[in-house]
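> First, the structure itself, so that you have it in front of you.
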Amino acid sequence: MSPLTLTLSSYSRWLCRFKILHSQNALVAFSSTATTTTPPNENQTQSSGPAPPPIRVALTESAGRGVFATRKIRAGDTIHSAKPIVSHPSLSAIDTICYFCLKKMKPFTESQSQGVSFCCEKCKESSKVFYDVEKKADWVDFDDYCRTQGLKFPLLVKRLACMVISGAAPADIVDILQPASLTQRMILKMEEGFCLLRNAFTKANMGDERTYFLTKQWYTAVLARIRINAFRIDLAGGAYEDLLSLAAASIEAEAAVGNAIYMLPSFYNHDCDPNTHIIWIENADAKLKALRDIDEGEELRICYIDASVSCHARQSLLSQGFGFECNCLRCLSGD
Ligand SMILES: [Zn+2]
Ligand SMILES: [Zn+2]
């Protein structure tokens, strides 16, 4: 198991470390591995574990945080993998996708279909962190709102809210991620989703002591972070053979199986000619792969958008979707 396939409790330990460094304005360089944040007495077998991933998170000159190689990485290497903080399948594919890990399953016959399904006992067990709370409430109105308006991100907020209520995640788990700047109009548009989410819990008689965190500010702040940090998951599937054909397959895949947010992958900056690629083979576990040889100290960057479009189109996608102007070498050359 990779050191980055962390449990939620490990994520919150990370969070503590990130927060301390951030609050001291001392986020200069630190190891990204879980082992360094674990006291030695908790992890006596770590010397026999897998090697830590060859990366560190540090400040870049102009783009905030970034991820850097701590040694030479070869083209095609898996740099690390990452489990989502929270993920949710697309509503249109809910009958054929594991409700926890987003793995594709065989379509059900109508008599078998019970709304949601899990690919294995492990996923069913793992889903208890949100599903035990979720199934106590009626989601018809909330899901209808998402379906009719074509919204996918409120579903991630709903799942996160269930995780917080069940005690599986702290309410501030995504605070470390950079938020999108929202206009007053965007905030107003989010109000309906917030009211429907809040109502679903209220009608299910979940007391204020369990839903105290669920304010409009919390809903909006989480959505602002999901907006620029969520990954759309397209499963490459099948046999994993050639990295380049896999990269192409992942861009060409028609329908996303769902969306998810991750901790470490969110720290990767964008490049229109990236040296790193994020892929999903069979479920929501992300893999970060080197697209070419990378030197020690080099920043690892992924491409947030479809890189095949023109420079002008890329700039407009990045500024509208992510709020920045791209100054990568490809854009500077006008390609
Ligand atoms: Zn599963
Ligand atoms: Zn660019």
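Here, each number is a calculation from the coordinates, and none is a lab measurement. As the structure is a computational prediction, the values presented were derived from the model and not from experiment. Quick reminder, even Gly has a Cβ in these numbers, built from the backbone with ideal geometry, and neighbours come from all protein chains shown.
> Amide H to amide H, which residues 5 or more places from Thr60 or on other chains are under 5 Å from it, using H placed in the peptide plane?
Residues meeting the criterion, in which the H sits 1.01 Å from N, are Arg65, Gly66.
> Still on this structure, I have one more. Between region 159-186 and region 293-335, what is the C-alpha centre distance in whole Å?
With region 159-186 and region 293-335 each reduced to a Cα centre, they are spaced 27 Å.
> Taking R0 as 25 Å, what FRET efficiency do you get between Asp132 and Lys104 from their Cβ-Cβ distance, rounded to the nearest 0.05?
For R0 = 25 Å, the calculated efficiency reads 0.50.
> If amide H atoms are built 1.01 Å from N in the plane of the peptide, which residues on other chains or at least 5 residues away come under 5 Å of the amide H of Leu300?
So Leu300 has HN proximity to Val67, Phe68, Ala69.
> If you plug each phi of region 207-217 into the Karplus form 6.51 cos²θ - 1.76 cosθ + 1.60 with θ = phi - 60°, what whole-Hz ³J(HN,Hα) values come out, in order, with x for Gly and Pro?
3J(HN,Hα) across region 207-217, in whole Hz: x, 4, 5, 9, 10, 3, 6, 7, 9, 4, 5.
> So what are the ³J(HN,Hα) numbers for region 259-268, from phi and the Karplus equation (6.51, -1.76, 1.60; θ = phi - 60°), rounded to whole Hz, Gly and Pro as x?
Going residue by residue, I get 9, 7, 10, 10, 7, 4, x, 6, 8, 6 Hz, with x marking Gly and Pro.
> Can you compute 3J(HN,Hα) from phi for each residue in region 313-327, using the Karplus curve 6.51 cos²θ - 1.76 cosθ + 1.60 with θ = phi - 60°, rounded to whole Hz and x for Gly and Pro?
The phi angles translate into 5, 5, 4, 6, 4, 6, 6, 6, x, 10, x, 9, 9, 7, 10 Hz.
> DSSP loop (so not H, G, I, E, B), at most 12 other Cβ within 10 Å: list which chymotrypsin sites (Phe, Trp or Tyr not before Pro) in region 168-214 pass both filters.
Tyr212
> Bins of 10 Å, beginning at zero and ending with the bin holding the largest distance: percent of Cα pairs per bin for region 127-229, please.
Reading upward from the zero bin: 15, 51, 31, 3.
> Can you list residues from other chains, or at least 5 along the same chain, whose modelled amide H is less than 5 Å from the amide H of Ile97?
Met105
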